[in-house]
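Everything on this sheet refers to the single structure shown next.
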Amino acid sequence: MINEERVILMTRMASYEQHDEKKNMAIVNYFRNDYLGFEFLKSVICGTMAFLIVFGMYVFYDFETFMQDIYKIDLLAFGKKVLIIYLVCVGGYAVITYLVHAYRYHLARRSLRTYYNNLKKLQNMYERQG
């Protein structure tokens, strides 16, 4: 006899296995701090590259004026200003990355915990039946 509750549970679990299990297992295979540290490092590297590209575009946009004014401006103050802008941009990006990936890690652990609880529930259904 077909047990509807068991079929529904198995269908839900099969859907999870097809769509989300690989992604969540890849996340949860790391310890939380290792996963967040790795993602944080990737975001700082990507943020630095993006900042350098934007800064390069800013300099090359009006390169002639920049080269004429380079002797008139205080290079130390300009360097401090660029460094502060860099730290704010990359720091803000890193904080957002930390929050997003901490939330993703939490969701992955919760969904895998639910999946394993469903496996236990399914095992108990089979043991009760036969």
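Please treat every number below as a calculation from the coordinates, not as lab data. Since we're looking at a predicted model, the values are computed, not measured. As a convention, Cβ positions derive from the backbone with ideal geometry for all residues, glycine included, and neighbour counts pool all protein chains shown.
Among what's in the stretch 1-28 and is of a type outside the set (Asp, Glu) and part of a loop (DSSP other than H, G, I, E, B), pick the residue that is surrounded by the most Cβ atoms within 10 Å (Cβ to Cβ).
Of everything passing the filter in the stretch 1-28, ASN3 is surrounded by the most Cβ atoms within 10 Å (Cβ to Cβ).
Kindly indicate whether any position in the stretch 60-80 is in a helix (DSSP H, G or I), in contact (Cβ under 8 Å) with a residue 24 or more places away in the chain and either touching an Asp or Glu at 6+ places or on another chain (Cβ under 6 Å) or not basic (Lys, Arg) (or both).
no
Which of the residues that make up the stretch 46-69 are farther than 27 Å from TYR93 by Cα and of a type in the set (A, V, I, L, M)?
Result: MET67, single match.
Pick out the one residue from LYS121, LYS80, LYS72 that is in contact with a Leu (Cβ under 8 Å, 6 or more places away or on another chain) and of a type in the set (D, E, K, R).
LYS121
Could you tell me whether the stretch 67-80 includes any residue that is of a type in the set (A, V, I, L, M, F, W, C), under 31 Å from the mean Cα position of the chain (by Cα) and surrounded by 11 or more Cβ atoms within 10 Å (Cβ to Cβ)?
So far as the stretch 67-80 goes, no, none of its residues is of a type in the set (A, V, I, L, M, F, W, C), under 31 Å from the mean Cα position of the chain (by Cα) and surrounded by 11 or more Cβ atoms within 10 Å (Cβ to Cβ).
Return the residues of the stretch 29-41 that are surrounded by fewer than 14 Cβ atoms within 10 Å (Cβ to Cβ) and either within 9 Å of the chain's Cα centre (by Cα) or assigned to a loop (DSSP other than H, G, I, E, B) (or both); say none if nothing qualifies.
ASN29, PHE31
If you go through the stretch 50-62 one residue at a time, how many are loosely packed, with under 10 Cβ neighbours inside 10 Å and among the hydrophobic types (A, V, I, L, M, F, W, C)?
Count: 2.
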